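Structure first, commentary second.
The values are calculated or read from the model by the stated rules, or taken from the named source; none is laboratory data. These figures come from a predicted structure and were not determined experimentally. So basically every Cβ, Gly included, is an ideal-geometry build from the backbone, and we count neighbours across all protein chains shown.
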Amino acid sequence: MAPRVRLAVVLAALALACVLPFFLSGFRLFQFTQVWIYAIAILGLNMLTGFNGQISLGHGAFYAIGGYTAAILLSHFGVPYGWTIPAAALVCFVAGFLFGLPALRLEGLYLALATLSLALALPQVLKYFEHWTGGSMGLVLAKPEAPFGLPLDPDQWLYYVALAVLALLFWLAANLLGGRVGRAIVAIRDNPIAAQAMGIHTALYKSLTFGVSSAYTGVAGALSAIAIAYVSPDSFSVFLSITLLIGSVIGGLASIQGAIYGAFFIQFVPNWAQEISKAAPWAIFGVFLILFTYFMPHGIAGALRWLQARMAKARGAKPVS
Amino acid sequence: MEIFIQQVVAGLATGSIYAALALALVMIYEATDVVNFAQGEMAMFATYVCWTLLNAGMPYWAAFFATLAIAFAGGIVIERVVIRPVENAPILTIVIVTIGLLVIFNSLAGWIYSYVQKPFPSPFPKEPIRIGGIVFGAHALGQIAVTLVVLLCIWLFFRFTPLGLAMRAAAQNPVSSRLAGIRVGWMLALGWGLAAMFGAVAGIMVAPVLFLDPNMMGGVQIYAFAAATLGGFTSPLGAVVGGLIVGVVENLVGTYVKFIGTELKLTVALAIIIGVLLVKPSGLFGRAVVRRV
């Protein structure tokens, strides 16, 4: 797609997203808020696993850390909720960076193992520090009102907050991954030794990617804590991490826009599947996960790219990228 | 002292479960370079199969061996159908496929058997056994015995039968084995079958203690990971020793280190995994991976 066409498509989608609150209400709108939040989290995972090639099966842990950072700042310290989001980003960046340092020595499977264990162990830790986290009861928060006397109810306001954060973070990610840094990150995935030989500081880039990726997922966690107005250890079980991975695979691992398709998938498919049985969403998730890895390894984003290339070819134009 | 010995034996009992599941992980890793993240869930599902057979009125040991046979066949089918197409794919792809299996087994169990916890019978007497004035749970001792018997069988199989030799050869050097006339693909499938069988043993032995539910094996699996990591993913002996060590450490830490207790048990496993990977990534008995640049 030509850059101008792409810009037009992005702006049109954004405009559509902006008018959505005037047509949907209550629970439906909340679902879309959750889609934008998931998209941010999945984008974080895509950076790490898709672009940098470090497998994380435990990104739900950083989602939880972000959520609890926001919740603790809100309920124990009365910090204005707007500040809790950058705070969550910072805390998760540090947490991810620190986890990324030992992870440097772990490759492929071992990293998957370590991150999965992290996701399995974290809910217990959250329950343990009861004084701060409220134990298994969790923390109940108040929903923020729209500022400046805007005629929006809290759900509509939070929708716009999530959408704005999403737009900002996607713009940042597109710039980061499209430039010199992004090429270094991908080079490390494709051939770490050659990347090092070209003068890329592999260790630094890998742990920084881990940090940035966790920060993205942490911001999503913080937004979700504010939007749901509640955090509890059981909402951050290992299945959250697997859900994020599924979204990432379905949308397209090494893709920025893929994060949005993946987010739609993990938000809406379970809703439909739930009508069959309580266990059906996960059965469907699992089957989709395996089928996608066999037949559509680049996810929905990859399929769309392929379609565009086909259409461009049919029109006799030279395909771009 | 009495408490100490009791805790060590209890640790060996849980450790034998970890050892069986870790051995399953190691078998698959040795044969196909895959860590099967669905191993615990496959074991859980096999335990449900056993529960169904028991409910249909089968005697305990008949149901036990029938379940092992079903698990063995199931493992082979999974390798043939699901794993084989991605055999040579990047690690990430294989990890994702096993995660898919994990999710499918977990939800299938929930779908068929519901998420309600079920009691599971133990074949061993309820009365505790006294040895030298110290009281031990009969199930704990039985659990250790069953695992030891299984280990002995598997050692005999790999050491003294032609099929065992062929399987070891296929895992170590697939190309030469193929030239020597070994059907490598089938050997790998057999490896998956055996691994599923060990998992089933672990599941059936742990179910009377933990109660049967679809999420029963989550905690067990992370300890089995810790055991396999500690012993080395390339060493079956290491997996067993690692499992026993991890079981004993878990129990002793739970008893004697007050601030950890039982509430941070999973964190202990995480600490073991990350600690071992940092200090000695190949584990106690594994061989270090040497890579050609």
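Summary of values
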{"read-out": "Residue in segment A:7-30 that is outside any helix (DSSP H, G or I), closer than 28 Å to residue A:103 by Cβ and either more than 12 Å from the chain's Cα centre (by Cα) or not acidic (Asp, Glu) (or both) present", "value": "no"}
{"read-out": "Matching helices (runs of 4 or more DSSP H) fully within segment A:203-296 where at least 1 residues are surrounded by 21 or more Cβ atoms within 10 Å (Cβ to Cβ), touching a Pro at 6+ places or on another chain (Cβ under 9 Å) and in contact (Cβ under 8 Å) with a residue 40 or more places away in the chain", "value": "A:238-251, A:280-295"}
{"read-out": "Verdict on residue A:115 being in contact with a Gly (Cβ under 9 Å, 6 or more places away or on another chain), within 14 Å of chain B (Cβ to nearest Cβ) and in a helix (DSSP H, G or I)", "value": "yes"}
{"read-out": "Matching residues, segment B:54-69, being under 19 Å from the mean Cα position of the chain (by Cα), buried (at least 18 other Cβ atoms within 10 Å of the Cβ) and of a type in the set (A, V, I, L, M, F, W, C)", "value": "B:64, B:68"}
{"read-out": "Lone unmet requirement of (1) part of a helix (DSSP H, G or I); (2) of a type outside the set (Phe, Trp, Tyr); (3) exposed (fewer than 15 other Cβ atoms within 10 Å of the Cβ); (4) modelled with pLDDT under 85 for residue A:86", "value": "(4)"}
{"read-out": "Leading residue by the ranking (farthest from residue A:276 (Cα to Cα)) among those in segment B:70-110 that are crowded, with 19+ Cβ neighbours inside 10 Å, within 12 Å of another protein chain (Cβ to nearest Cβ) and not hydrophobic (A, V, I, L, M, F, W, C)", "value": "B:98"}
{"read-out": "Odd one out for residue B:85, checked against (1) within 18 Å of residue B:197 (Cβ to Cβ); (2) touching a Phe, Trp or Tyr at 6+ places or on another chain (Cβ under 7 Å)", "value": "(1)"}
{"read-out": "Matching entry among A:169, A:106, A:177 (being buried (at least 17 other Cβ atoms within 10 Å of the Cβ), within 14 Å of chain B (Cβ to nearest Cβ) and within 20 Å of residue A:47 (Cα to Cα))", "value": "A:106"}
{"read-out": "Matching residues, segment B:230-243, being at pLDDT 90 or above and surrounded by fewer than 24 Cβ atoms within 10 Å (Cβ to Cβ)", "value": "B:241"}
{"read-out": "Condition met for residue A:123 (facing chain B (nearest Cβ under 10 Å) and in contact (Cβ under 8 Å) with a residue 24 or more places away in the chain)", "value": "yes"}
{"read-out": "Residue match in segment B:205-220 (condition: of a type in the set (S, T, N, Q) and not in a helix (DSSP H, G or I))", "value": "yes"}
{"read-out": "Odd one out for residue B:109 among (1) farther than 30 Å from residue B:245 by Cα; (2) over 19 Å from the mean Cα position of the chain (by Cα); (3) part of a helix (DSSP H, G or I)", "value": "(2)"}
{"read-out": "Which numbered condition residue A:164 fails, given (1) surrounded by 15 or more Cβ atoms within 10 Å (Cβ to Cβ); (2) within 16 Å of residue A:10 (Cβ to Cβ)", "value": "(1)"}
{"read-out": "Number of positions in segment A:70-83 that are part of a loop (DSSP other than H, G, I, E, B) and either on the phi < 0 side of the Ramachandran plot or among the basic types (Lys, Arg) (or both)", "value": "2"}
{"read-out": "The lone exception for residue B:105 - which of (1) touching a helix residue (DSSP H, G or I) at 6+ places or on another chain (Cβ under 6 Å); (2) more than 30 Å from residue B:286 (Cβ to Cβ); (3) modelled with pLDDT of 85 or more it fails", "value": "(2)"}
{"read-out": "Conditions (1) away from chain B (no Cβ under 14 Å); (2) part of a helix (DSSP H, G or I); (3) modelled with pLDDT under 85: number failed by residue A:142", "value": "(2)"}
{"read-out": "Sole exception among (1) within 25 Å of residue B:112 (Cα to Cα); (2) away from chain B (no Cβ under 14 Å); (3) without any contact (Cβ under 8 Å) to a residue 24 or more places away in the chain for residue A:315, by number", "value": "(1)"}
{"read-out": "Every residue from segment A:298-314 that is modelled with pLDDT under 85 and not in a helix (DSSP H, G or I)", "value": "none"}
